[in-house]
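J.: So that we are looking at the same thing, I have put the structure below in structure tokens.
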Amino acid sequence: MTPRAPDPRSAPPDRRARGLALVALLAGVFALGLQFALTLATVHRQGFGAERALWIYLGYFTILTNALGALSLARLAAGHRDGLLARDEDLTAIAASLLIVGLVYNLVLRQTWHPTGWADVTDELLHVAMPLLYLATWWVAGRGQAVSRSRLLAWMAYPVVYLAYALGRAALDGRYPYPFLDVATLGWVRVLGNAALVGLAFVGIGAALAWLAARRPLRPALSGRAGPR
């Protein structure tokens with residue numbers, strides 16, 4: 001009986017992909033930790049505690065998306081290439097989400113404030129370095145396989161759920177994480193229009209990445225080994 005050829009989709013990431021994932025993971029964890037420390041210091045100066053800092057911290061799409069990216073990078077660095085946050089569709093959707101983070105910040109939000117010191121460092125890491133590092137890791141870890149459109153479209157629930165989450169939080173404390181979501185100032189029509197534009201950008205970037213994913217060089221499965229040592 002002729003042995004079946006190994007399926008490239010089940011191949012673990014190679015050493016280069018794992019190394020790049022580890023570098024990106026370390027940058028992401030440092031940036032996320034630094035941002036929380038800065039948030040904690042700010043709320044302490046205002047007389048609040050860690051609970052308030054965590055509440056504010058977890059309100060941002062930037063933080064949640066970078067955290068998702070860090071979790072998936074941890075799985076790649078550990079040699080996983082299937083399961084939650086490690087499938088091709090997951091990596092592609094997270095890459096698209098991080099590119100949205102970078103594009104919205106650099107095109108819309110950068111001119112609204114001018115951080116200095118460590119705040120500037122964490123801003124650049126979260127909004128520039130991490131999107132680029134994750135995109136590079138996504139490309140290197142690719143296996144020349146088309147991603148599932150249905151699974152990729154299912155990821156559209158992520159920005160939609162975030163929108164409901166952000167607006168629900170704002171209804172509780174009046175704090176909008178981003179000015180283009182400020183219903184009190186802009187009104188519902190403009191806010192929903194802004195959200196729709198971001199959603200369309202997510203779909204467009206996701207479709208472009210899916211198109212590129214099928215054209216990446218095929219990385220054959222390793223034969224005779226359970227995985228990289």
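The values are calculated or read from the model by the stated rules, or taken from the named source; none is laboratory data. Please read all numbers here as calculations on a predicted model, not as lab measurements. Reconstructed Cβ throughout: ideal geometry from the backbone, glycine too, with neighbour counts over all protein chains shown. Heavy atoms of the whole protein, side chains included, go into the accessibility calculation; ligands, DNA and RNA do not. Shrake-Rupley method; radii C 1.70, N 1.55, O 1.52, S 1.80 Å.
J.: Using 18 Å as the cut-off for backbone N distance, which residues of segment 44-88 belong to the label zone defined by a point 7 Å from the Cα of residue 110 along Cα→Cβ?
T.: The answer is 62.
J.: Also: To the nearest 20 Debye, how big is the dipole of segment 1-133 about its Cα centre, given +1 on the beta carbon of each Lys and Arg and -1 on that of each Asp and Glu?
T.: With Lys and Arg at +1 and Asp and Glu at -1, about 240 debye.
J.: So how do 124, 51, 89 rank on accessible area, 1.4 Å probe, biggest first, that is with the largest at the start?
T.: 51, 124, 89
J.: Among 199, 91, 101, whose Cα lies farthest out toward the positive end of the dipole of the chain, if unit charges sit on the beta carbon of Lys, Arg (+1) and Asp, Glu (-1)?
T.: The listed residue farthest towards the positive side: 91.
J.: In whole Å, largest first, what are the principal axis extents of the Cα atoms in segment 113-174?
T.: Sorted from largest, the Cα extents of segment 113-174 read 44, 32, 12 Å.
J.: Let's see if you can work this out: charge +1 on each Lys and Arg Cβ, -1 on each Asp and Glu Cβ, no other charges. What is the dipole magnitude of the chain about its Cα centre, in debye to the nearest 20?
T.: 860
J.: Let me ask another. Are there chymotrypsin sites (Phe, Trp or Tyr not before Pro) in segment 41-144 that DSSP puts in a loop and that have at most 11 other Cβ atoms within 10 Å, and which ones?
T.: Qualifying residues, ordered by number: 113.
J.: What nm distance separates the two modelled labels at residue 55 and residue 153, each placed 7 Å from Cα along Cα→Cβ?
T.: Distance between the two pseudo-spin positions: 3.9 nm.
J.: Here is a follow-up. Ignoring ligands, DNA and RNA, how do 58, 197, 98 rank by accessible area with a 1.4 Å probe, largest first?
T.: 197, 58, 98
J.: Given a 1.4 Å probe, how much area per residue of the chain is accessible, in Å²?
T.: Accessible area per residue: 54 Å².
J.: Under 8 Å for C-alpha pairs, at least 6 residues apart: give me the relative contact order for segment 100-204, rounded to a whole percent.
T.: Dividing the mean separation by the residue count of segment 100-204 yields 26 percent.
J.: Could you list, bin by bin from short to long, the percent of Cα-Cα pairs of segment 41-97 in 10 Å steps?
T.: Spelled out per bin, shortest first, that is 23, 36, 22, 17, 3.
J.: Can you give me the angle between helix 61-77 and the longest principal axis of the chain, using Cα atoms only, in degrees from 0 to 90, rounded to the nearest 10?
T.: That helix lies at roughly 20 degrees to the long axis.
J.: Tell me the Kirkwood hydrodynamic radius of the chain in angstroms, computed as one over the mean inverse distance between distinct C-alpha pairs.
T.: The Cα-based Kirkwood calculation yields 18.9 Å.
J.: Would you rank 101, 160 by solvent-accessible area, highest first, keeping every protein chain in place and using a 1.4 Å probe?
T.: Order by accessible area, largest first: 160, 101.
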